[in-house]
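Chemist: Please find one structure pasted underneath; my questions will follow.
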Amino acid sequence: MTTRRPTTFVTGNVNKLLETKYILSQGIPIEIDSQDLDIPELQGTTQEVARAKCRRAAELLGRACITEDTALCYEALGGLPGPYIKHFMKTIGHEGLNSLLVGFPTKDAYALCTFAYSAGPGSEPILFEGRTDGTIVPARGPTTFGWDPVFQPKGFDKTYAEMSKEEKNTISHRYRALDKLRTYLASL
């Protein structure tokens, strides 16, 4: 019997790693390990950024891997900040993320998660996307996980930050992308 090597998730974000491990452990469990690599983030669409990052990670590791990119897309701003949300968050914080929408008629937004899987160096990454529609609101809840306090999913009266991990991990953009990735990895 051959034991399958865990799939390597390239991330330095402990919260993303915990969420990913939790979600992938449901149903048919997929075993992952992690590695933090310094990979420059290119500019472009979420899909272009995800493919480039995964290609580079597979080259550096010399084996199969997955990477993840998250975007927070404001309808009023044509999808921005999009894949640059990490830098917006770091620079202007929760209050600034709300201020970007002052004067616009809509606070609608969507969270987009793109997981990329590469079978190894030279292999074109395959993308798995998940999307959750919502609204940008003044920050509520713990501020320990990025922009979660300002994103309230449609149909809920709580922000991601106010939800239990179990509740968030059954409706989130990351869950939706990982559900597709899990199905794919289980078929290998």
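Chemist: Restricting to segment 5-18, name every residue that is closer than 19 Å to S172 by Cβ and open to solvent by 20 Å² or more (accessible area, probe 1.4 Å).
Modeler: Of all residues in segment 5-18, those closer than 19 Å to S172 by Cβ come to 9, 11, 13-18.
Across segment 5-18, the qualifying residues are T11, N13, V14, N15, K16, L17, L18.
Chemist: On to the next question. For the list (1) open to solvent by 20 Å² or more (accessible area, probe 1.4 Å); (2) touching a residue at least 60 places away in the same chain (Cβ under 8 Å); (3) over 21 Å from T144 (Cα atoms), I need the number of the one condition that Y22 fails.
Modeler: For Y22, the exception is condition (3).
Chemist: Which of the following residues is at negative phi and within 18 Å of the chain's Cα centre (by Cα): A161, A186, A119, A139? Let's see the steps before the verdict.
Modeler: Numbers: A186 fails: within 18 Å of the chain's Cα centre (by Cα); A119 fails: within 18 Å of the chain's Cα centre (by Cα); A139 fails: within 18 Å of the chain's Cα centre (by Cα).
Answer to the check: A161.
Chemist: Looking only at segment 62-84, how many residues end up being assigned to a strand (DSSP E or B), of a type in the set (A, V, I, L, M) and over 17 Å from Y117 (Cα atoms)? So that I can check it myself, show each step before the final result.
Modeler: Kept after step one, since they are assigned to a strand (DSSP E or B), are these residues of segment 62-84: 65-74, 81-82.
Checking the rest, the ones that are also of a type in the set (A, V, I, L, M) come to 66, 71-72.
With over 17 Å from Y117 (Cα atoms) added as a condition, the list becomes 71-72.
Of the residues in that region, 2 qualify.
Chemist: In segment 114-169, what residues are of a type in the set (S, T, Y), crowded, with 16+ Cβ neighbours inside 10 Å and in a loop (DSSP other than H, G, I, E, B)? It would help to see each step written out before you state the result.
Modeler: Within segment 114-169, the subset of a type in the set (S, T, Y) is 114, 117-118, 123, 132, 135, 143-144, 159-160, 164.
Still in the list and also crowded, with 16+ Cβ neighbours inside 10 Å: 114, 117-118, 132, 135, 159-160.
Within segment 114-169, just T159 meets the criteria.
Chemist: Restricting the search to segment 170-188, which residues are open to solvent by 20 Å² or more (accessible area, probe 1.4 Å) and either farther than 21 Å from F128 by Cβ or of a type in the set (A, V, I, L, M, F, W, C) (or both)?
Modeler: Of all residues in segment 170-188, those open to solvent by 20 Å² or more (accessible area, probe 1.4 Å) come to 170-171, 175-176, 179-180, 182-184, 186-188.
Answer for segment 170-188, where residues must be open to solvent by 20 Å² or more (accessible area, probe 1.4 Å) and either farther than 21 Å from F128 by Cβ or of a type in the set (A, V, I, L, M, F, W, C) (or both): I171, A186, L188.
Chemist: Evaluate segment 128-150: report whether one residue or more is without any contact (Cβ under 8 Å) to a residue 12 or more places away in the chain and of a type outside the set (D, E, K, R).
Modeler: Of all residues in segment 128-150, those without any contact (Cβ under 8 Å) to a residue 12 or more places away in the chain come to none.
No - not one qualifying residue is present in segment 128-150.
Residues checked against (1) open to solvent by 30 Å² or more (accessible area, probe 1.4 Å); (2) in a loop (DSSP other than H, G, I, E, B); (3) in contact with a strand residue (DSSP E or B) (Cβ under 6 Å, 6 or more places away or on another chain):
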position	(1), (2), (3)
S34	yes, no, yes
I39	no, yes, no
Q43	yes, yes, no
A50	no, no, yes
L60	yes, no, no
H87	yes, no, no
I92	yes, no, no
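Chemist: Just give me the residues in segment 62-78 being more than 21 Å from N13 (Cβ to Cβ) and crowded, with 17+ Cβ neighbours inside 10 Å, in sequence order.
Modeler: Once the filter is applied, which keeps residues that are more than 21 Å from N13 (Cβ to Cβ) and crowded, with 17+ Cβ neighbours inside 10 Å, segment 62-78 yields Y74, E75.
Chemist: Considering only residues of segment 31-78 that are modelled with pLDDT under 95 and over 29 Å from S187 (Cα atoms), which is nearest to the chain's Cα centre (by Cα)?
Modeler: E41
Chemist: Say we look at segment 142-155 and pick out the residues that are under 15 Å from the mean Cα position of the chain (by Cα) and more than 16 Å from T170 (Cα to Cα); which of these is modelled with the highest pLDDT?
Modeler: W147
The values are calculated or read from the model by the stated rules, or taken from the named source; none is laboratory data. These numbers were taken from a predicted model, which means no experiment stands behind them. Ideal geometry is used to build each Cβ from the backbone, glycine not excepted, and the neighbour counts take in all protein chains shown. Just the protein is used for accessible areas: all its heavy atoms, side chains included, with ligands, DNA and RNA removed. Shrake-Rupley method; radii C 1.70, N 1.55, O 1.52, S 1.80 Å.
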